[in-house]
1. Relative to the longest principal axis of the chain, what angle (0 to 90°, nearest 10) does the C-alpha long axis of helix 560-572 take?
2. Using a Förster radius of 22 Å, what is the FRET efficiency between ALA382 and GLU410 based on their Cβ-Cβ separation? Nearest 0.05, please.
3. Output ³J(HN,Hα) for region 160-172: one whole-Hz value per residue in order, computed from phi by the Karplus curve 6.51 cos²θ - 1.76 cosθ + 1.60 with θ = phi - 60°, and x for Gly and Pro.
4. When ranked by the protection proxy of mean other Cβ atoms within 10 Å per residue, highest first, what sequence do the peptides 586-594, 140-148, 336-344 form?
5. Can you send over the carbon and sulfur percentage of the accessible area for region 362-428, probe radius 1.4 Å, protein chains only?
6. Keeping the other protein chains in place, figure out the carbon and sulfur percent of the accessible area of region 165-238, with a 1.4 Å probe.
7. Starting from the Cα of ALA496, step 7 Å along the direction of its Cβ; do the same at TRP226; then give the gap between the two resulting points in nm.
8. How large is the convex hull of the C-alpha atoms of the chain per residue, in Å³?
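The values are calculated or read from the model by the stated rules, or taken from the named source; none is laboratory data. Because the structure is a prediction, the values reported are computed rather than measured. Cβ sites come from the backbone with ideal geometry, for glycine too, and all protein chains shown count toward neighbours. When the accessible area is computed, the model is the full protein with side chains, heavy atoms only, and any ligands, DNA or RNA have been set aside. Shrake-Rupley method; radii C 1.70, N 1.55, O 1.52, S 1.80 Å.
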Amino acid sequence: MAAALPTVPSAHSGAATLTLCVAQLNLIVGDLAGNVRQIAAAAQAAHAQGARLLLTPELALCGYPAEDLLLRPAFVADCEAALQELARLSASWPGLHLVVGHPAALGPRSDDAGAGVEAAASPAAAPPASGHGRTRCLNAASVLAHGRVLLRYAKRELPNYQVFDEQRTFVPGQSVGVFDLAGGAGQRLRLGLLICEDAWYPEPAAQSQAAGAELLLVLNASPFHWGKGAQREQVMRQRVAETGLSLVYAHLVGAQDEVVFEGRSFALDACGRLAARAASFVPELLRIDLWASDEPHTPAPSAPPPQPWRLSGPVAPEPEPLAELWQALVLGLRDYVDKNGFPGALLGLSGGIDSALVLALAVDALGAGRVRTLMLPSPYSADISLIDARDMAARLGVRHEELSIQPVFEALLHTLEPLFEGRAPDLTEENLQARIRGMLLMALSNKFGAIVLTTGNKSELATGYCTLYGDMAGGFAVLKDVPKTRVFELARWRNAHDPFGRGANPIPERIITRPPSAELRPDQTDQDSLPPYEVLDAIVERYVEQEQSAAQIVAAGLPAAAVEQVLRLLRLSEYKRRQGPLGTRVTPRSFGKDWRYPNTNRYRG
């Protein structure tokens with residue numbers, strides 16, 4: 001059985017004319033049976049509260065993003081069968097309408113859903129093939145009630161930027177999706193469907209309003225990055241201002257590979273005021289009550305006259321930015337480990353800031369009993385590194401062991417000595433140490449099944465200040481999209497807060513205040529090879545996330561020599577990033593699906 005969703009009661013004390021519920025669900029791509037159970041459990045809970053409608057997120061039935069699974073006809077057919085199962089179950093909840101996101105095959109329907117199902121697109125409207133004979137489908141939402149499918153709407157605006165490539169797998173819809181819902185006292189509410197990107201453009205909402213919609217329902221799966229939640233609410237306020245219609249926004253929660261969804265579903269009244277908002281990063285059944293209302297409002301001059309509906313529900317507080325970022329990283333790690341069936345995680349704990357932060361995140365995500373750390377000292381490891389690693393492991397209560405890499409390192413040097421004769425030690429010997437550590441950690445992973453967490457941050461990945469097959473060896477890069485300056489901010493934030501009750505002040509102060517060092521040669525610090533991180537991170541943010549040129553970055557006041565150095569390193573290390581593990585995306589552009597630069601590249605702009 002699916003776990004019951006927590007429900008926060010509405011803030012309004014009177015009897016509602018009509019109640020809607022939003023199912024903010026954490027779903028798994030491809031787990032059709034499990035996703036059906038979650039949706040059905042939410043429908044049962046909504047029905048028990050007297051709700052007339054349950055709104056699910058975008059592609060809730062199959063999970064999002066399903067990527068090239070959507071190009072497999074058998075997968076789309078199985079999704080249709082799962083939808084028909086939900087349609088049959090809907091007969092068990094009289095008076096409740098379910099709006100379910102799912103993929104749908106193109107062309108005339110041949111199932112037994114009955115009359116009244118709208119074809120949102122046809123092969124004549126858009127070519128069904130995506131190349132090489134692969135068939136695309138529709139990103140759809142269906143209204144289920146009385147044991148059947150009443151209406152089907154297909155997403156019209158298909159995003160093809162950042163992590164999105166929906167034009168690869170979907171054909172755009174061509175029509176509006178508007179339907180009636182009965183309320184109390186004989187009243188009826190006409191609802192218009194939109195799916196995610198549809199609501200970022202004025203036309204689909206305007207056409208729903210022109211078709212008679214009195215309230216907009218938006219199904220969403222919009223990946224998180226820092227600050228995205230407030231941006232979404234502001235864009236939806238623009239749709240409300242343009243149409244004069246209230247809006248209910250259902251959002252996914254949970255992580256899928258490198259993207260994370262924070263939930264934070266919400267409702268806006270016809271004045272653009274926040275009427276309800278679910279909590280971030282947790283599943284929830286958000287109840288929204290509607291009342292007939294004569295309250296005046298002043299929409300934009302082009303908007304229609306006031307509509308007689310007022311919305312009310314619980315409003316979760318706006319999260320503090322670093323708390324939100326911490327929650328995103330915790331959820332991204334937890335879901336990747338749990339949804340892929342790993343019993344736990346292990347990492348090399350060096351006594352440095354990056355591995356310390358990864359350990360704190362791992363314990364918050366999984367609990368101390370599922371996390372194991374190893375200190376793998378070399379001849380260049382400082383005594384205080386061992387002391388601080390032991391201290392932190394003890395503070396969080398994780399299993400911690402020390403295993404010197406010196407015997408293996410010396411054996412490798414001896415083996416390579418005839419081949420290296422006449423050559424002075426250099427980066428080669430430094431990388432050998434990192435690769436020994438990677439080999440030992442992967443051996444433990446193979447033996448015990450735990451996933452290896454790498455500890456490199458975005459600044460290091462940008463500049464190649466990491467070792468392929470060494471500290472890059474692992475299954476999940478927790479800090480892959482977190483720049484070094486933010487690593488320090490998060491460490492101090494976590495020491496001041498204990499959001500999951502795993503232990504206060506987990507990171508020893510000396511780990512935070514020591515100059516960062518890879519400890520691969522005597523007296524080494526990061527700034528021997530790199531600009532100060534404040535400068536480096538500013539350059540990376542402008543080049544990677546803002547698409548600024550080298551000239552623009554210099555014109556913004558950053559040192560020309562540092563800009564040249566960082567961009568040169570960034571180009572040279574592309575081959576490393578191509579071979580590294582995935583990690584949670586938390587900025588507008590990460591080194592993942594939304595970074596597709598060629599390894600062979602002579603452009604210098």
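1. 80
2. In this case the efficiency is close to 0.65.
3. Values per residue, Gly and Pro as x: 9, 8, 6, 8, 8, 9, 5, 5, 6, 10, 10, 9, x Hz.
4. Details: 586-594: 21.2, 140-148: 23.6, 336-344: 16.7.
Ranked by mean Cβ neighbours within 10 Å, highest first: 140-148, 586-594, 336-344.
5. 57
6. Ligands and nucleic acids excluded, carbon and sulfur reach 49 percent.
7. With each label point 7 Å from Cα toward Cβ, the separation is 1.5 nm.
8. On the way: hull volume 107.8 nm³, N = 605.
Each residue corresponds to 178 Å³ of Cα convex hull volume.
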